[in-house]
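**Student:** Please see the structure below; I have some questions.
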């Protein structure tokens, strides 16, 4: 999955607090890159983050050229095409508390789904919608 942010450094810090590992960062630029995105000549700072188990990646991009033209971060959860990230965490309460130090806020409440998960949505770095799920019974 990839996501565009206004501040690459803040996003890296936030996702590291969530347990992700920075694999590397770079700048991609030139018309060749713009042929992929359809944007023409572009310059983008990117960072690749990995989940602790190494099975998933998140590409974070900060466009320098061309400038960002739209901002969908404050769209409601039920907006068509709205994207959110979902993470399984060891302790949802503790995770929300840690992420609050990075500006994260609960969208609603932390709720329990049967005896399977404790779940919540937060607005994380730059208002991104992030789901957190704590499995109540490991190994089932």
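The values are calculated or read from the model by the stated rules, or taken from the named source; none is laboratory data. Owing to the predicted nature of the structure, the values given are computational and were not obtained by experimental measurement. Note: ideal-geometry Cβ built from the backbone for every residue, glycine included; neighbour counts use all protein chains shown.
**Student:** Looking only at region 17-37, which residues are more than 17 Å from residue 64 (Cβ to Cβ) and either without any contact (Cβ under 8 Å) to a residue 12 or more places away in the chain or part of a strand (DSSP E or B) (or both)? Steps first, please.
**Tutor:** First, the residues of region 17-37 that are more than 17 Å from residue 64 (Cβ to Cβ): 17-24, 35.
Scanning region 17-37 gives 21, 22, 23, 24, 35.
One line per residue, one yes/no per condition, for (1) closer than 24 Å to residue 8 by Cβ; (2) exposed (fewer than 15 other Cβ atoms within 10 Å of the Cβ):
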residue: 90; (1), (2): no, yes
residue: 116; (1), (2): no, yes
residue: 119; (1), (2): no, no
residue: 132; (1), (2): yes, no
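**Student:** Can you find a residue in region 39-59 that is closer than 30 Å to residue 27 by Cα, out of contact with any strand residue (DSSP E or B) (no Cβ under 7 Å at 6 or more places or on another chain) and not assigned by TED's automatic domain parsing to the domain that holds residue 10?
**Tutor:** no
**Student:** Okay, moving on. In region 60-78, what count of residues is obtained for those that are in contact (Cβ under 8 Å) with a residue 40 or more places away in the chain, out of contact with any helix residue (DSSP H, G or I) (no Cβ under 8 Å at 6 or more places or on another chain) and surrounded by fewer than 14 Cβ atoms within 10 Å (Cβ to Cβ)?
**Tutor:** Result for region 60-78: 2.
**Student:** In contact with a helix residue (DSSP H, G or I) (Cβ under 9 Å, 6 or more places away or on another chain), exposed (fewer than 11 other Cβ atoms within 10 Å of the Cβ), within 29 Å of residue 134 (Cβ to Cβ) and modelled with pLDDT of 90 or more: which single residue out of 10, 101 fits that description?
**Tutor:** 101
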